[in-house]
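Take a look at the structure set out below.
The values are calculated or read from the model by the stated rules, or taken from the named source; none is laboratory data. Bear in mind that the values here come from a model prediction, so they are computed numbers and not experimental data. Note that we place each Cβ from the backbone using ideal geometry, even for glycine, and neighbour counts take in every protein chain shown. Remember, those area values only see protein heavy atoms, side chains included, never the ligands or the DNA or RNA. Shrake-Rupley method; radii C 1.70, N 1.55, O 1.52, S 1.80 Å.
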Amino acid sequence: MYRNALDFLACPICGHELFLADHVGNDEDITSGIVGCERGCGKYPVRDAVPVLLPERCQQKYEAKELQGSTRDRFSAEWHMYRYGETTWGVTVEERLPVVLHELGWSKEDIAGKVVLDAGCGNGTLSHALAELGATVVAIDLSEGVFRARQHCRHENLHFVQGNLYFPPFKRGVFDAIYSCGVFHHAPDTRKCFAALVPTLKNREGARYFIWLYSKRSTLFNLTVEPLMKATRRLPPHLLVPLCYILAPVVEVASRSLTALGMHNYGSRTLRDRAIQTHDLLAPTFVWYHSFDEVKEWACEAGFEEIHQTNYEPTQKALSSGLRQLLDKYRSICRPGFGILCKGSRVGA
Ligand SMILES: C[S@@+](CC[C@H](N)C(=O)[O-])C[C@H]1O[C@@H](n2cnc3c(N)ncnc32)[C@H](O)[C@@H]1O
Ligand SMILES: [Zn+2]
């Protein structure tokens, strides 16, 4: 943990400042130690250079569902499957970056110097790419994946944190942008997760909040696939992970065949990537589906004035041909969902 991470971090229980109570490593780069809440309500470990800002110490105050132990274990198993240097969700980080800038409505030049929260950063490769563009990035995840992420994606402008977005361990008004892809619908209550982060945005024009969520599915899906997923969500990781490796070639052959027959357009993946994707479908404890209008209402209530649904159509004339190609590929690998970008100068602190 770099000491200047404390500029952004706060106690997940009461929101007050944190101080470094004890540490090993040099003063600016702390490998292990303890950070304490100024108000005295908790002491949190720094493990393998990552502050662990989970509110477990106050467990009696929260229900197990809110603490999300099962979500943490299941995504920890998922990111353990990942190998650094390989694709994530069927794309390289270089392919993903232009799409992320498109989602945020920023150019490479715009993002340099901004403070960005990657909320639910997964393997950390995207957070690292954003830091490489000159942003200061705070990357938080509930899973143990953050420890591997810190090892493999180290950057002086990148701060990894283990935390639960339900109890955001951040100061108010510190981020120029919040970026969150495929995360909030895995919390016990998507809306609560969205609302919890609003005060961490800067109260200024240009601040923005992007999220990507699963969209509502057909009745057929709800009657067939959803019950199957409900069953697999109860399988322990030591059974589900091998099952996903077994299913991966079957799913890959099926999706390539459907694409070859022109019945669908599924992007091909490596078998490990396919296994991770299959795990992502079958493992999460909570999975919620929303509509754009529903989330727009939450954003309006939070005070955002400009709310846009992201256009992923590769046919938009204003886009460069490179981005159009990437959007085309992106659409072939994405599960059904939508992006929403919220802006407004009356939100945040
Ligand atoms: C599908 S992955 C997406 C990862 C990353 N955003 C990406 O696009 O590659 C969802 C991530 O959300 C994290 N997550 C789920 N619930 C969370 C919570 N309450 N707080 C923090 N992270 C959470 C999981 O651990 C997992 O890494
Ligand atoms: Zn506190």
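Values for this structure:
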| item | result |
| --- | --- |
| Neighbourhood net charge (13 Å Cβ-Cβ; Lys/Arg +1, Asp/Glu -1) for Arg208 | -2 |
| Span from the segment 209-276 Cα centroid across to the segment 98-176 one, whole angstrom | 27 |
| Of all accessible heavy-atom area on segment 197-287, the percent that carbon and sulfur account for (1.4 Å) | 67 |
| Computed [θ] at 222 nm, deg cm²/dmol, the chain (DSSP H ≥ 4; -39,500 (n - 2.57); rounded to nearest 500) | -11500 deg cm²/dmol |
| Size of charge dipole - the chain - debye, nearest 20, with Cβ of Lys, Arg +1 and Asp, Glu -1, no other charges | 720 |
| DSSP-assigned coil residues among GluC sites (Glu not before Pro) in segment 31-119, each with at most 16 further Cβ atoms within 10 Å | Glu38, Glu63, Glu86 |
| Per residue convex hull volume, Cα atoms of segment 63-349, in Å³ | 133 |
| The chain: DSSP helices with Cα axial extent of at least 20 Å and average Kyte-Doolittle hydropathy no lower than 0.0 | 237-260 |
| Bridge type composition, the chain - antiparallel percent by DSSP, nearest 5 | 55 |
| Net dipole in debye of segment 26-129 [+1 Lys, Arg Cβ; -1 Asp, Glu Cβ; about Cα centre; nearest 20] | 460 |
| For Tyr2, residues with placed amide H under 5 Å, excluding near neighbours | Ile30 |
| Charge dipole (debye, nearest 20) of segment 209-292; +1 at Cβ of Lys and Arg, -1 at Cβ of Asp and Glu | 80 |
| Accessible solvent surface per residue of the chain, calculated while the other protein chains remain in place, 1.4 angstrom probe, Å² | 44 |
| 25 °C / 0.890 mPa s Stokes-Einstein diffusion coefficient of segment 51-143, Kirkwood radius on C-alpha pairs, µm²/s | 163 |
| Entries in Lys65/Lys114; Lys65/Lys108; Lys61/Lys216; Lys114/Lys296; Lys108/Lys343; Lys65/Lys343 that, when Cα-Cα distance is taken, lie over 29 Å | Lys65/Lys114; Lys65/Lys108; Lys61/Lys216; Lys65/Lys343 |
| Portion, in percent, of the accessible area of segment 1-62 that falls on carbon or sulfur, probe 1.4 Å | 45 |
| Counting DSSP beta bridges with both ends in segment 78-189, the antiparallel % (nearest 5) | 5 |
| DSSP-loop chymotrypsin sites (Phe, Trp or Tyr not before Pro) across segment 28-112, with at most 14 other Cβ within 10 angstrom | Tyr84 |
